[in-house]
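Only one structure is covered here, and it is reproduced in the block below.
The values are calculated or read from the model by the stated rules, or taken from the named source; none is laboratory data. Please read all numbers here as calculations on a predicted model, not as lab measurements. Counting neighbours? That spans all protein chains shown, and the Cβs are built from the backbone with ideal geometry, glycine included. Heavy atoms of the whole protein, side chains included, go into the accessibility calculation; ligands, DNA and RNA do not. Shrake-Rupley method; radii C 1.70, N 1.55, O 1.52, S 1.80 Å.
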Amino acid sequence: MKYYIATDHAGIEYKEFVKDYLKSKSVEVIDLGPMDSSRVDYPDYAKKCAESVREDTNSFGILICGTGIGMSIAANKVKGVRAALCHDAYTASMARAHNEAQILCFGQRVVGLGTVESILDAFLNTKPEGNRHTIRVNKIMNIEE
Ligand code: RB5
């Protein structure tokens, strides 16, 4: 399993923690930056991650900013991508089970590290339920056409 990760300056403190956690679960992680805490614009990193996930079939992404909101809005502008803003294990598992999200977004200013672990576990371990949910996901993707 391969995950691309990117943040802005308001999410960078969580980046190494998330990378280490994913690696401990034998997940391959590709860090798309930023590499220091200088102020950056989250849409640039959302685009980079969303395009990487779109181009690399079966890969996933994680985007972290202050709230997760800007990252999710920006990533969802990239065709073919479903990015979900999650606040807890329940929303993270539903993002996979019902929405077939490939990108997980959350906010460093919103969730604590214990919650981040449970969000990651839920996102990593939940499979799409398919059936009626896939029909709805296809309807979402048809909005792009
Ligand atoms: C940066 O201050 C902040 O606006 C950004 O990280 C994010 O929360 C935007 O949605």
Exactly one of (1) more than 17 Å from TYR4 (Cβ to Cβ); (2) in contact with a Lys or Arg (Cβ under 7 Å, 6 or more places away or on another chain) is unmet by HIS98. Its number? (2)
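Let's see how each residue does on (1) within 16 Å of the ligand (Cβ to nearest atom); (2) aromatic (Phe, Trp, Tyr); (3) in a helix (DSSP H, G or I); (4) open to solvent by less than 50 Å² (accessible area, probe 1.4 Å):
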| site | (1), (2), (3), (4) |
| --- | --- |
| LYS47 | yes, no, yes, no |
| GLU51 | no, no, yes, no |
| ARG54 | no, no, yes, no |
| ILE64 | yes, no, no, yes |
| SER72 | yes, no, yes, yes |
| LYS77 | yes, no, no, no |
| ALA92 | no, no, yes, yes |
| ALA95 | no, no, yes, yes |
| ASN99 | no, no, no, no |
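Would the stretch 102-110 turn up any residue that is over 25 Å from SER38 (Cβ atoms) and in a loop (DSSP other than H, G, I, E, B)? Please lay out each step first, then the result.
So in the stretch 102-110, the residues over 25 Å from SER38 (Cβ atoms) come out as 102.
Imposing the further condition that a residue be in a loop (DSSP other than H, G, I, E, B) reduces the set to 102.
Yes, some residue in the stretch 102-110 is over 25 Å from SER38 (Cβ atoms) and in a loop (DSSP other than H, G, I, E, B).
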Give all pairs with beta carbons closer than 7 Å in which a residue from the stretch 9-24 that is of a type in the set (Val, Ile, Thr) meets a residue that is within 13 Å of the ligand (Cβ to nearest atom); count only pairs at least 6 apart in sequence or on separate chains. ILE12/PRO34; ILE12/SER37
Give just the number: which of (1) closer than 21 Å to GLU129 by Cβ; (2) open to solvent by less than 30 Å² (accessible area, probe 1.4 Å); (3) not aromatic (Phe, Trp, Tyr) does HIS87 not satisfy? (2)
Taking first residues from the stretch 61-82 that are more than 17 Å from GLY33 (Cα to Cα) and second residues anywhere that are open to solvent by 30 Å² or more (accessible area, probe 1.4 Å) and near the ligand (Cβ under 8 Å from one of its atoms), the pairs with Cβ under 7 Å that are 6 or more apart or on different chains are THR67/ARG109
Restricting attention to the stretch 14-37, does a residue exist that is in contact with a helix residue (DSSP H, G or I) (Cβ under 6 Å, 6 or more places away or on another chain), open to solvent by 60 Å² or more (accessible area, probe 1.4 Å) and within 16 Å of the ligand (Cβ to nearest atom)? yes
